[in-house]
Every structure is written in structure tokens, then in C-alpha cells.
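Q: Here it is, the structure in full.
The values are calculated or read from the model by the stated rules, or taken from the named source; none is laboratory data. Note that the coordinates shown come from a computational prediction; the quantities given were computed from them, not determined experimentally. Counting neighbours? That spans all protein chains shown, and the Cβs are built from the backbone with ideal geometry, glycine included. Accessible surface is based on the protein model in full, side chains and every heavy atom, while ligands, DNA and RNA are left aside. Shrake-Rupley method; radii C 1.70, N 1.55, O 1.52, S 1.80 Å.
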Amino acid sequence: MFSAIKHYDRKTFMADLMAGIIVGIVALPLAIAFGIASGVSPEKGIITAIVAGLMISLFGGSKVQIGGPTGAFIVIVYGIIQQYGIQGLTIATLMAGVFLILLGVLRLGTIIKYIPYPIVVGFTSGIAVTIFTTQIKDLLGMQMDTVPADFVEKWIAYFANMNHIDCWSALMGITSVAIIAVWPILARLFRLSPLRSLPGSLVAIIVVTIAALLLKTYAGVTTIETIGDRFSINSTLPGAVVPELSWETIKGLVGPAVTIAVLGAIESLLSATVADGVIGDHHNSNTELIGQGIANIASPLFGGIPATGAIARTMTNINNGGRTPVAGIIHAAVLLLIFLFLMPLAQYIPMACLAGVLVVVAYGMSGWRSFLAMLRNPKSDITVLLLTFFLTIIFDLTIAIEFGLICACLLFMRRMAETTDVHAVLNEIDLNEDADMERGNLEHLTIPEGVEVYEINGPYFFGAGNRFEDIMARYGSRPKVRIIRMRKVPFIDSTGLHNLENMCLMSQKEGVTVVLSGVNEKVDGVLKRNHFERIVGEQNICNHIDLALARAKEIVE
């Protein structure tokens, strides 16, 4: 914020003002829909967009990021409310805010960006399917007493109640989807320049709400359920309330809080990265996480829900000229004015219309093209993608993220272990490929009898030691000297060091001397700190292969 306004001028302010007003209008229907779908009242969605949107713009690390409630949080927020209640959601969101601040302070923002892409696609697509599933009842106006929480049971219940669909509500819902889909085409086709900036979701809400009012007033249609039928609208700003905290409650909510924090970090940094590519800027990922953390501490204190950076609203901001955080602050101010003066009108919005808005949001989130493209990738990526996807829709997002990350880490460890190559060098060493020797006029070095040379190419860590032992066992010989060339070993970890120590000790028991060749400074430093010379002898750690072969010849003779 402070760096962006150093050279602020009237022209920039006018661009930010226009962008902020438009983004505020765009955010209104989404905030209401996300709030209701998450299991809270509609005003809580708007309060989240106001408070969190303000904090993210003030303290975040991106010039153009717009924050607020997003579709990604619907599933996890709804699940937390069902299990722990509103109080539990408040505490979990506060904890998530603290976790996000810690991630930023510890400079882990760059690490979050390296979460495997199959995991991101898998749970994003899974969330989209889940959102779509939760909206079927309201979209079609089904007369159902209760909707099962389980994904499969929910669809079974839907099919069992197909004869209880309300035709008028279904018409409202389908019309909303159609308006949102067609509006951009109409705006371009008829060049409706004053209305061109209006989002299709807002146009759908206005048109469908007016249609529902007319049907109720003049046609006697009473079956269309509205927000006012389900919620009591409150347009007064609540005061900040700190919830009661206990150690038992905090321990029980660590899992949901971590899920909120990880999901918020991924989505906000992804949004900021996309924005960077459009405006040619570079956001500060650690500052962005701190801003997200502050927003998720402030939002629940005023009755809000979790928030993060929203890609759609951020892109709307950019496309309408927003270039500094001032646009985000204006967007929050516009929402505040609407909340204070126009919120009572929200009671007339049909629930089927909001369901239609969320169905379109779910379609946009699904990323089905990316999902299908991922199915052409290696089997390991497909496994992570499908596991994360199905765990998200069948169980919940917490399990999906945890299992997906564990699975991805295991696959990463496997791939890293496979990058280290261990092989035996037979008879001669080709000097044209070497960088750790003194060539002179020779082209080859002959390996003396009674000497074996092994080369490690890659990091010496988990898995490499076992592969080294397998290679030695394959040859089955017992030489007098084993030379281990480590010129291509960039680093060694504690597991690799332990394996190397064991191999040297076992070789000594067999009467075989181990000589190390081409050890770089970094690896040599690790060996010295662990007093490795006590095992092999300082004279057996050589800088290059010439010295190692000379030492081996000396030992053999």
C-alpha cells in the first residue's frame, strides 16, 4: 500500500475509483451467495467482503489483489459449522489467520507456491463438484425436509425427490444461469456501454428478483422461496466480539484451521501470481500472507467467515483500470454503503437465483479443461489428481489436502531418489568427461588391479545409499581399495552420511580401504563437522581422481 501511493496522482485515483466501484458491484451478489452457501446469513458474506477486503488491500503484498469470501471456502466452512457451530468457525478462522501470519513472517510464501499442480487442480475441481451438488435443492426448488451431508446420499435423495420439484423456482434458477451465460454476449453484441461493466450475476439477480415479485404480486405464485423467507436481514454493522478460547477447543480445531490457512495461502498467491502476469508486476508473497492473516483475524471478530484473494474480482479490478490497493479499499467502501442502505432489498432475492449464480461459479472453478489435460500426464500425477479429487467430494477438503500433500511428498521423495545415479567405472576413466583431475597429456586413466571405482551422480541422500550397496553386491568382488567419486554430488544429508559411514565401516571389516575423490567444499564441510576423517583417514579424502588413484596404488602396493 505505502509503496504504491508514493507517486500517486489524480489520474491514478480516478482509475482506481472506477475500478473499485465496479468491483464492489461485482462482489455484492457473490458475497451474498457465498455467505448463504457456507451456512451463514447473507449479511455475514458482505461483512467478510468489507472487513477482509479492506485488510487485504491495506496490508497485502499485491497492488491489485481483491479479497473476500470465495467459492473454495464454501465446503470447508459449511463442514466446520455443521460440526463445531458458528463459534467453532470463528475460532478456526482466527487460528488460520495466525498461521498465515506465521507463514509470512517465517518467509514461507515462496514454498506454498510449489505445492504440486495436480493437488491444486484436484481439490479445486472437487470443490466445484461439491458446490454444484449442494445447490441442486435450491436451484430446482425441491421440497425436502433434510438434505444428507454425504455426497453419494445427497444425490440418492435428489433422485428420490424428483417429483417434488417446484416448476416456478426451477424456472427462476435456470433463467439465472442463462442470463449469466448470455449477458457478456449481449453486452458486446448491442454495445451496451453503460451496462457493459455490470456483472452477469448482478443482472440475473435484478431481473429474476423483479420477475419473482411480479409473479407473487399479480399471478399469485407463492412457492418461490426468497432470502427473506429463510433469513432475517440485518443491515447494522456488528461490534467486534472476541470468542471464548479454551485449550481443548483450540486442539480440536487445529485440523480445520490448517486447512483454511493452506487453502487461503494457495488461492491468494495463485491469484496474485496471475495478476502479476497481467500487469507486469511482482507481488511480495510473504507480505501477502501476512495481509491474508490479518484479514482472517479481523473478519471473524465482526462475524465474518474466512477470506482470501479472489481471482475473478482481482481480474475485474485490473480490467477496469485498478492499479493500486486504493481500488480494493474503494471496493470495500462501496460494499459498506450498499450494506447500510440497500441490504433490506436482499430479502426479495429468490434462493433459486442465488443457486444459479453458484452453479456458474462452480462451472468456472471446475477447470475441467485443465483436469482433462492432467490425465495425459505421468501416472504419478494422475494418481495424486484423482485421489485429491475423489477425497474432496466423497469425504472432505481437510482429508483431501492432507492426503494429497502426503502423497505428493512421497512421490517427490521417490523422484528425487531416482535422480541420483550410482554406477561402477570399469577398466579405464575417460578424462575428457572429467573435471576433478589433472589431465596432463593423457586421455585415459587405467584403473589398477585390486581397485574398484564407483561414481555417484546426484545428491547423496535417502535411497542413494541402498542403491550404492546394490551396485557393489552385483559385482560381488572384494578389492583392496574402493574409490568413490563424488565430484557430481552437490550435497549430502544425514541419511546419506549415515549410509556412507556404514558402507565404510563394513568395507573396513572386509579389509577394503575406501578412498573418496572429488569432494566439493559443501560436502567436505559436512564430512569435517561429523569427523568423517576418523573413519576413512584424512589422507583418503582426495581432491581429484589423480590423487585418489595414486593413493589407491600406494595402498595396493
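Q: So, Val556, is that one touching a Gly at 6+ places or on another chain (Cβ under 7 Å) and either within 21 Å of Gly450 (Cβ to Cβ) or at pLDDT 90 or above (or both) or not? Don't jump to the end; show me each part of the working.
A: On the way: touching a Gly at 6+ places or on another chain (Cβ under 7 Å): yes; either within 21 Å of Gly450 (Cβ to Cβ) or at pLDDT 90 or above (or both): yes.
Considered against the rule, which asks whether it is touching a Gly at 6+ places or on another chain (Cβ under 7 Å) and either within 21 Å of Gly450 (Cβ to Cβ) or at pLDDT 90 or above (or both), Val556 comes out as yes.
Q: Determine if segment 4-11 includes at least one residue that is at pLDDT 90 or above, in a helix (DSSP H, G or I) and more than 17 Å from Gly264 (Cα to Cα).
A: The answer is yes, given that some residue of segment 4-11 is at pLDDT 90 or above, in a helix (DSSP H, G or I) and more than 17 Å from Gly264 (Cα to Cα).
Q: Then there is this: Scan segment 16-30 for residues that are touching a helix residue (DSSP H, G or I) at 6+ places or on another chain (Cβ under 7 Å) and open to solvent by 10 Å² or more (accessible area, probe 1.4 Å) and jot them down. Let's see the steps before the verdict.
A: Looking only at segment 16-30, we keep the residues that are touching a helix residue (DSSP H, G or I) at 6+ places or on another chain (Cβ under 7 Å), and these are 16-17, 19-30.
The answer is Leu17, Ile21, Ile22, Ile25, Val26, Leu28, Leu30.
Q: Those residues that are open to solvent by 30 Å² or more (accessible area, probe 1.4 Å) and closer than 18 Å to Val359 by Cα, I need them from segment 120-164; list them, please.
A: Those that are open to solvent by 30 Å² or more (accessible area, probe 1.4 Å) and closer than 18 Å to Val359 by Cα: Thr124, Val129, Phe132, Thr134, Lys137, Leu140, Val147, Phe151, Trp155.
Q: Out of Glu288, Glu267, report the one residue that is within 21 Å of Ile112 (Cβ to Cβ), among the acidic types (Asp, Glu), open to solvent by less than 20 Å² (accessible area, probe 1.4 Å) and assigned to a helix (DSSP H, G or I). Quick ask: steps written out before the conclusion?
A: Values: Glu267 fails: open to solvent by less than 20 Å² (accessible area, probe 1.4 Å).
The match here is Glu288.
Q: Sticking with this structure for a sec: Give the number of residues within segment 213-243 that are within 26 Å of Ile46 (Cβ to Cβ) and either acidic (Asp, Glu) or assigned to a loop (DSSP other than H, G, I, E, B) (or both).
A: Final tally of qualifying residues: 16.
Q: Separate question: Could you go through segment 460-470 and let me know if any residue there is of a type outside the set (Val, Ile, Thr), part of a loop (DSSP other than H, G, I, E, B), under 42 Å from the mean Cα position of the chain (by Cα) and modelled with pLDDT under 65. Lay out the reasoning, then the answer.
A: Going residue by residue through segment 460-470, those that are of a type outside the set (Val, Ile, Thr) are 460-470.
Checking which are part of a loop (DSSP other than H, G, I, E, B) leaves us with 461-463.
Filter once more, keeping what is under 42 Å from the mean Cα position of the chain (by Cα): 461-463.
Subset that is modelled with pLDDT under 65: 463.
Yes, segment 460-470 has at least one match.
Q: Which condition does Ala181 not pass, out of (1) loosely packed, with under 12 Cβ neighbours inside 10 Å; (2) in contact (Cβ under 8 Å) with a residue 12 or more places away in the chain, if it passes all the others?
A: (1)
Q: Restricting attention to segment 477-512, which residues are in a strand (DSSP E or B) and crowded, with 21+ Cβ neighbours inside 10 Å?
A: Restricting attention to segment 477-512, the residues satisfying the condition of being in a strand (DSSP E or B) are 481-488, 492.
Across segment 477-512, the qualifying residues are Val481, Arg482, Ile483, Ile484, Arg485, Met486, Ile492.
Q: Identify all residues within segment 31-59 that are open to solvent by less than 10 Å² (accessible area, probe 1.4 Å) and in a loop (DSSP other than H, G, I, E, B); write none if there are none.
A: Ser38, Val40, listed by residue number.
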